[in-house]
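In what follows, a single structure is set out as structure tokens and then discussed.
Values quoted throughout were computed directly from the atomic coordinates according to the rules given, and no laboratory measurement underlies them. The structure displayed is predicted, hence computed values, not measured ones. A quick note on method: Cβ atoms are made from the backbone with ideal geometry, for glycine too, and the neighbour counts reach across all protein chains shown.
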Amino acid sequence: MTAITMTSAHRNPHLAVLDEAEHEGPAPKRIVTGYGFWIFLLSDMVMFSCFFAAYAVLLGQTAGGPGGAELFNLRNVALETGCLLASSFACGMASIAAEVRSHLWFQIAMAVTCVLGLAFLSIEFHEFADLVARGAGPSRSAFLSAFFTLVGCHGLHVSGGTLWLLTMMAQVFAKGFRADIQRRFLCFALFWHALDIIWVAVFSVVYLLGSAA
Amino acid sequence: MSDVDLHREPDLAPGDEKDVSVKFRVLGYLTGLALAILLTATSFFVAGTDLVWQPSIPVAIIVLAIAQMGVHLVFFLHITTGSDNTNNVMALAFGLLIVFLVIGGSLWIMANLSHNMMPMDQLMQMQR
């Protein structure tokens, strides 16, 4: 009986591959979790693309108010970009530290990530406060509504990410590098890097194109 | 039996790297950081310069942004073209399709609408 299966498998290698694949069993939990979170991140990017589309459509609708070129301060934007990029790098260092299970380096890298994230948020908050003080708040024109929605939504994501970051620091401190904590951290790292990707689109489309035009 | 498929690589979670030493991982992140800084600096420079033909600036900024997103995907999120990453890449491709449909479709439809719409002051005149 086994001899017959062996020969039939030998004759048809594709069948053998199928057989093999069927008996592999479910993927490890780390892959399933990471993949599921990746799907969520992509749906988040689809949501951001709606805000980008709204912003692009409403770009000219300034209702006689100020446009992008007179409102945006590119020096601030460059600072924000630097903060977020460096914090993404620090987050990468934290992933390496988590994999080699070094508590000290993990906490240092996460603290750096957090400080840089908070620096980004404070620059952005000051920018928003300044715009509102100059009478260019979200209710001034459709253009400004779209601007505050898009950039503010990214800022909200960063704020939420910072809370998550502090939670991860506390959980690793209290529970160590358990498999479930490692999975949560994998998701956090994906989230933080994805936010940086969205920021690339924001500073290019909103600020650089807005000031160039 | 052929043993080619017995050594099929297991899949990788998005964000995970193949087993390489810590030194090479740090090096990977440093490469990504250097490329990202280079691309960011270029796009900030291009946005404010008079040295290039002005109508090319928006296109250059968009191209640089897409390049930088690619750098982030490869060096920070470790989404690669390897066979262990097929699922992650397919999901990304579907996400990109939707993103382009939403942005491209909205711009196209709204530009068409505003092209065909009467200027607002004429519309006001007619309503009087």
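For helix A:103-133, what angle does its Cα long axis make with the longest principal axis of chain A, in degrees from 0 to 90 and rounded to 10?
30
How would B:LYS18, B:LYS23 line up from fewest to most surrounding beta-carbon atoms within 10 angstrom?
If I rank by nearby Cβ atoms, fewest first, I get B:LYS23, B:LYS18.
Take the Cβ-Cβ distance between B:MET126 and B:VAL89 as r, set R0 to 56 Å, and report the resulting FRET efficiency rounded to the nearest 0.05.
Calculated value: 0.55.
Which one, A:LEU116, A:ALA98, A:HIS126, is farthest towards the positive end of the dipole of the range A:50-139 when Lys and Arg carry +1 and Asp and Glu -1 on their Cβ?
It is A:ALA98, whose Cα lies furthest towards the positive end.
Defining a contact as two alpha carbons under 8 Å apart and six or more residues distant in sequence, what relative contact order in percent does the range A:77-168 show?
Relative contact order of the range A:77-168: 27 percent.
Give me the distance in nm between label points sitting 7 Å out from Cα along the Cα-to-Cβ direction at B:ILE62 and B:THR49, one decimal.
2.0
Using Cα pairs closer than 8 Å and at least 6 residues apart in sequence, work out the relative contact order for the range A:29-212, in percent.
35
Using the 10 angstrom Cβ neighbour count as an exposure proxy, how do A:GLU127, B:GLU17 rank, fewest first? Mind dumping the intermediate values first?
Working: A:GLU127 18, B:GLU17 14.
Exposure proxy ranking, most exposed first: B:GLU17, A:GLU127.
Sticking with the crude label model, points 7 Å out along Cα→Cβ, report the distance from A:CYS50 to B:LEU113 in nm, one decimal please.
Using points 7 Å along Cα→Cβ, the separation is 1.5 nm.
Through the Karplus equation 6.51 cos²θ - 1.76 cosθ + 1.60, θ set to phi - 60°, convert the phi angles of the range B:52-69 into ³J(HN,Hα) values in whole Hz; use x for Gly and Pro.
Per residue, the Karplus-derived 3J(HN,Hα) values read 10, 4, 4, x, 7, 4, x, 4, 4, 5, 5, 4, 4, 5, 5, 4, 5, 4 Hz.
On a 0 to 90° scale, report how tilted helix A:29-58 is relative to the longest principal axis of chain A, with both axes built from alpha carbons and the result rounded to the nearest 10.
Tilt relative to chain A: about 30 degrees.
Under the definition of partner shielding as Cβ atoms of other protein chains within 10 Å of a residue Cβ, what is the mean value for peptide A:194-205? Before the final figure, lay out the partial values.
Values: counts 6, 0, 6, 9, 2, 1, 12, 6, 1, 7, 14, 5.
The shielding value for this peptide is 6.
Can you put A:GLU70, A:GLU124 in order, fewest other beta carbons within 10 Å first? Don't skip to the end; give the middle numbers.
Numbers: A:GLU70 10, A:GLU124 21.
With the sparsest Cβ surroundings first, the list reads A:GLU70, A:GLU124.
Would you mind getting me the FRET efficiency between A:GLN171 and A:VAL32? Use the beta-carbon distance for r and R0 = 22 Å, nearest 0.05.
Working: r = 20 Å, r/R0 = 0.92.
With a Förster radius of 22 Å, E is 0.60.
Using the reciprocal of the averaged 1/r over all distinct C-alpha pairs, how large is the Kirkwood radius of the protein assembly as shown in Å?
For the protein assembly as shown, inverting the mean 1/r across all distinct Cα pairs yields 22.6 Å.
What do you get for the angle between helix A:74-99 and the principal long axis of chain A? Use alpha-carbon atoms, 0 to 90 degrees, nearest ten.
20
Hey, what number do you get for the protein assembly as shown at 222 nm if only DSSP H runs of n ≥ 4 count, each worth -39500 (n - 2.57), divided across all residues, to the nearest 500?
Details: 13 runs with 253 residues, N = 341.
After summing the helix terms and dividing by residue count, I get -25500 deg cm²/dmol.
Could you please report the charge total around A:GLN171, scoring K, R as +1 and D, E as -1 over all other residues with beta-carbon less than 15 angstrom from its beta-carbon?
+4
Got the relative contact order for chain B handy, in percent, Cα pairs under 8 Å and 6 or more residues apart? Mind dumping the intermediate values first?
Values: 61 pairs, mean separation 40.0, N = 128.
In percent, rounded to a whole number, it is 31.
Which loop-located chymotrypsin sites (Phe, Trp or Tyr not before Pro) does the range B:35-86 contain, where loop means any DSSP state but H, G, I, E or B and the Cβ has at most 12 other Cβ atoms within 10 Å? Intermediate results must be reported in sequence, preceding the final value.
Numbers: sites: B:PHE44, B:PHE45, B:TRP53, B:PHE75, B:PHE76; in loops: B:TRP53.
Here the chymotrypsin sites (Phe, Trp or Tyr not before Pro) that fit, given the DSSP loop and packing criteria, are B:TRP53.
By its C-alpha gyration tensor, with a ≥ b ≥ c as the square roots of the eigenvalues, how is chain B shaped: rounded for a/c under 1.5, else prolate for a/b larger than b/c, else oblate?
It comes out oblate by the Cα gyration axes.
Could you give each residue of the range A:159-173 its phi-based ³J(HN,Hα) in whole Hz, using Karplus coefficients 6.51, -1.76, 1.60 with θ = phi - 60°, and x for Gly or Pro?
The phi angles translate into 4, x, x, 5, 4, 4, 4, 5, 4, 5, 4, 5, 5, 5, 5 Hz.
On average, how many beta carbons from a partner chain sit within 10 Å of the beta carbon of a residue in B:98-111?
Mean partner-chain Cβ count within 10 Å for B:98-111: 4.
Short version: ³J(HN,Hα) in whole Hz for each residue of the range A:178-187, in order, from phi by Karplus 6.51 cos²θ - 1.76 cosθ + 1.60 (θ = phi - 60°), x for Gly and Pro, what are they?
Running phi through 6.51 cos²θ - 1.76 cosθ + 1.60 with θ = phi - 60° gives 6, 4, 5, 5, 4, 5, 4, 5, 4, 5 Hz.
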